[in-house]
Amino acid sequence: MPILDAERLLRYKVPEAHDLYDPRDAILYALGTGAGLSADIDELAMVFERDLKVLPTIAFVLGTAGFWLMDPAVGLDWPRVLHGEQSLVLRRPLDPQDELKGSTRIGEIADKGPGKPAMFRAYRTLKDLGGNVVAELSELWIVRDAGGFGGERTLPGPAPVTMPVTPPSFSLDLPTSRQQAMIYRLSGDRNPLHIHPETAQLGGFDQPILHGLSTLGLVARALIHLHCGGDPERLSSISARFTAPVIPGETVRTQSWQDGKNIVFRAIAVERDTVVIDGGTASIDSFATLPVGRF
């Protein structure tokens, strides 16, 4: 694996994106997170255009130029790039149909040392056509074995979330399907790691894995059922760290703790008893009012 060319990465300008989405797109996205798979939970409002309520995590796939890390100009060995963390802060619930513009910038870069990972953050802002901020997102990317370029060892930011030592107050199991990654990629992330066995093996996996953001979308659905009375419009922020991949077809158990409007959560692949998302936080009914440009 070549050492990360940090200067080249920082010079790269992520293309701006302009998305016009409609109920069909919102429904396809929901299906890509596994909506409707559970026989025990009513999710018709997420997948039926009549009185449709949009999953807020559709913001993950809006205003982005697809899997731009595959662009040769970025200079990454992209099959060895892993999604480490993701956050989303909303200013308002998303409408079933809208037109949004997204701008992304590459932020801080860290070097864990020769033979170890390099890491960097990217920040995205979604605005409506009137220039109003709708959502702000940040993501952490891990480039395996690309350290050694001489950068800072750690990224700035808040300390990792300390998970409660008490048993979770809430828990919900939701299934995934063997086709889930095939469906999710139709919302924009066409990374072949999630569908092509040979590419998955190049990335160090025995088989294609579920998109981390599909898993986080599933977990958001669980939190909506556990804490929002099934109403997606109440979830106002979500942030999490990816710790292991989900294999399509596995069951994901979301465990959570609530303190007022604030939630802490993790997720487990039940069949392997493996934590796949950890240090998660979310809020309900707390849409951001902070100044533009926090990220």
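Every read-out reported here was derived from the displayed coordinates using simple, explicitly stated rules and does not represent laboratory data. These figures come from a predicted structure and were not determined experimentally. For neighbour counting, all protein chains shown are included, and Cβ atoms are generated from backbone atoms with ideal geometry for every residue, glycine included.
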Task: Highest to lowest packing among 74-85, 14-25, scored as the average C-beta count within 10 Å - done: 74-85, 14-25
Task: Modelled FRET efficiency - R0 51 Å, GLU99 with ARG8, Cβ distances, 0.05 increments - done: 0.95
Task: All-pairs alpha carbon distance profile, segment 15-59, 10 Å steps from 0, percent - done: 27, 52, 16, 5, 0
Task: Label-point gap, in nm, between ASP77 and ALA45 - each point 7 angstrom along Cα→Cβ - done: 4.8
Task: Whole-angstrom gap from segment 234-281 to segment 85-139, using each part's C-alpha centre - done: 20
Open item on the list: Starting from 0.36 nm per residue, how many nanometres of slack lie between TRP68 and ARG190 once their C-alpha separation is accounted for?
Closed with: 42.9 nm
- [ ] Take the Cα gyration tensor of the chain, multiply each eigenvalue by 5, square-root it, and list the three semi-axes largest first, rounded to whole angstrom.
- [x] 28, 22, 20
TODO: Considering the options SER239, PRO208, VAL252, tell which one lies farthest towards the positive end of the dipole of the chain, charges being +1 on Lys and Arg and -1 on Asp and Glu at the Cβ, about the Cα centre.
DONE: SER239
Task: Relative contact order computed over segment 168-225 (Cα-Cα under 8 Å; 6+ residues apart), in percent - done: 31
